[in-house]
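Report on one structure; see the data block that follows.
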Amino acid sequence: MKKALVIGASGGVGRAVVAELRGRGVEVTTLSRSEDGLDVTDERSVAAALDGVDDDMDLVFVATGALTCTRDTPEKQLGDLGADELLAQVSLNALGPALVLKHWKSRIPRKERFVFAALSARVGSIGDNGLGGWYSYRTSKAALNALLHGAAVELGRTHKHAIVTCLHPGTVATRFTEDYPDHDKVTPEEAAKNLVDVIDGLDPAQTGQFFDYAAKPIQW
């Protein structure tokens, strides 16, 4: 891997992924809302931001997302569910990365390895959901998984060396997870190393799949 674009590079995981890639000698271009005004929920903003980026990337990594958008904590029960939060979550966590892929598609090489990776979450797995709750966040990540899996199928017909993947980083110690002391957490730096290791090890035959930080498949 020689060149990478990291979107959401100002966040905890995104910043760490940038540092990890640069530490491995990768030339990294970054985009974020706080530093570049990129709004991944606005297609015009996505198109304009990507227009200023070189075409020859080996990796596009999308690290944008949020645990909540319009409320302080995820929903614990159906009575907490509301349209504003659900739609905001889907727009940011699912539509955003899909729009990036949509506007990068024409630049994906047909004869060389290329990876498009986006941060998902194990709670987006329907089959693994034994606890319930977190309706909007779970739904948005399940939607992201569905969008990227579908895109992988489409791209696989014409781009035989392209890999599209959803990645679960584990519970990363950031400001979003401060209130979850019962979870085993990893530092952003540990998460970034694990994620880049997974990306480096992926084969085109694995496109469209959902992996955790140890490269273990997660059920949909």
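Every number in this text was worked out from the coordinates using simple rules, so none of it is lab data. Note that the structure is predicted; figures quoted are calculated from it, not measured. Please note: Cβ atoms are built from the backbone with ideal geometry, for glycine as well, and neighbour counts cover all protein chains shown.
Remarks
- Region 17-67 shape via C-alpha gyration tensor axes, a/c threshold 1.5: oblate
- Burial ordering of Tyr137, Tyr213, fewest other beta-carbon atoms within 10 Å first: Tyr213, Tyr137
- The C-alpha atoms of the chain define a longest principal axis, and helix 135-156 lies at about 20 degrees to it.
- Measuring max minus min along each principal axis, the C-alpha atoms of region 44-170 give extents of 50, 31, 23 Å (largest first).
- Over the chain, relative contact order from alpha-carbon pairs under 8 Å, at least 6 apart, %: 21
- Entries of Lys111/Lys193; Lys111/Lys216; Lys76/Lys160; Lys160/Lys185 with Cα pairs more than 32 Å apart: Lys76/Lys160; Lys160/Lys185
- Degrees separating the helix 188-201 axis from the principal Cα axis of the chain, which is the longest one: 50
- Charge dipole (region 3-212, unit charges on Cβ, about Cα centre) - positive-most of Leu92, Val62, Leu147: Leu147
- Helix 12-23 axis, angle to the chain major axis (alpha carbon atoms, nearest 10°): 30
- Gyration tensor verdict on the chain (Cα atoms; rounded if a/c is under 1.5, prolate if a/b is larger than b/c, oblate otherwise): rounded
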